[in-house]
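The values are calculated or read from the model by the stated rules, or taken from the named source; none is laboratory data. This structure is a prediction, so every number in the text was calculated from the model and none was measured. Glycine gets a Cβ as well: all are built from the backbone with ideal geometry, and neighbour counts include every protein chain shown.
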Amino acid sequence: MNFYLDLIINAYKEKKRLKELKKDFESALIQYAENHKVRKLQIGTGPNKLTGWFNTDILPTNEGIYHLDASKPFSIKDESFDYIFSEHQIEHLTYNEALDMLKECYRILKPKGKMRIITPDIEIIISLKIPDKTDIQKEYIKWHIENFFPEIAANRDIFVINNAFSGFGHRFLYDFSTLKEILSKAGFINIVRMTYGHSNDDNLKGIDWRASDKMTSFTGLCVEAEKK
């Protein structure tokens, strides 16, 4: 009896918590829109809270970051934002969830609005298995093993590849052509590959959290796209 009562109580608490988070989100969004002519949304902020951006995350950990579950419809009006940025977030969704998210991103962007996405590049990850590895590949494998599999004696590339696919809560990994395709399905145009830390748009420069770290940026796939 107590088991079922606990389930009911916990479900009630979770529902109340989500209701409070939604209220905080909506209130903060109104205030942000009133104070920013150029409106910029970050999805999956993590520790990378950006000044001038409306920072969101499914699990907000700091003040000024608001709850947004990117796998569900956004409580945001059409054509509300000029820019959207998402770094190492889309791979935590299934392909279909990601498509729904990108459609929502397209919906809330203003015409000519831009989105910047960074996610692990499956081609770089798979290439770690080649026999004749480059120096950077060897360095990355060594770094990855030391940080995530210290119990493994040798620098085993297979552990690194498997961890990229099944570790960190990853659900689906992309190469450029697949990411370009899903962005196109969502309606985006002018889809181009960029390098870490660089953009042709000043509003998207210098915002990548991992850009300053050689190892965490090594597998990154950076793409920008535009709304018609």
Next on the checklist: Condition first: among the β-branched types (Val, Ile, Thr), under 18 Å from the mean Cα position of the chain (by Cα) and under 18 Å from GLU224 (Cα atoms). Can you find one or more residues in segment 94-106 that meet it?
Outcome noted: no
Checklist entry - Restricting attention to segment 104-119, and to residues there that are surrounded by fewer than 17 Cβ atoms within 10 Å (Cβ to Cβ) and of a type in the set (Lys, Arg), which single residue is farthest from ASP69 (Cα to Cα)? => result LYS112
Checklist entry - If you check every pair at least six apart or on different chains, which have Cβ atoms under 8 Å apart with a residue in segment 176-197 that is basic (Lys, Arg) first and a residue that is surrounded by 12 or more Cβ atoms within 10 Å (Cβ to Cβ) second? => result LYS180/ILE191; LYS180/VAL223; LYS185/LEU99; LYS185/LEU102; ARG193/PHE176; ARG193/LEU221; ARG193/CYS222; ARG193/VAL223
Checklist entry - From the residues in segment 55-106 that are among the hydroxyl-bearing types (Ser, Thr, Tyr) and touching a strand residue (DSSP E or B) at 6+ places or on another chain (Cβ under 7 Å), which one is farthest from ALA33 (Cα to Cα)? => result SER86
Next on the checklist: Can you go through PRO60, PRO47 and tell me which one is over 22 Å from GLY197 (Cβ atoms), assigned by TED's automatic domain parsing to the domain that holds MET101 and not polar (S, T, N, Q)?
Outcome noted: PRO60
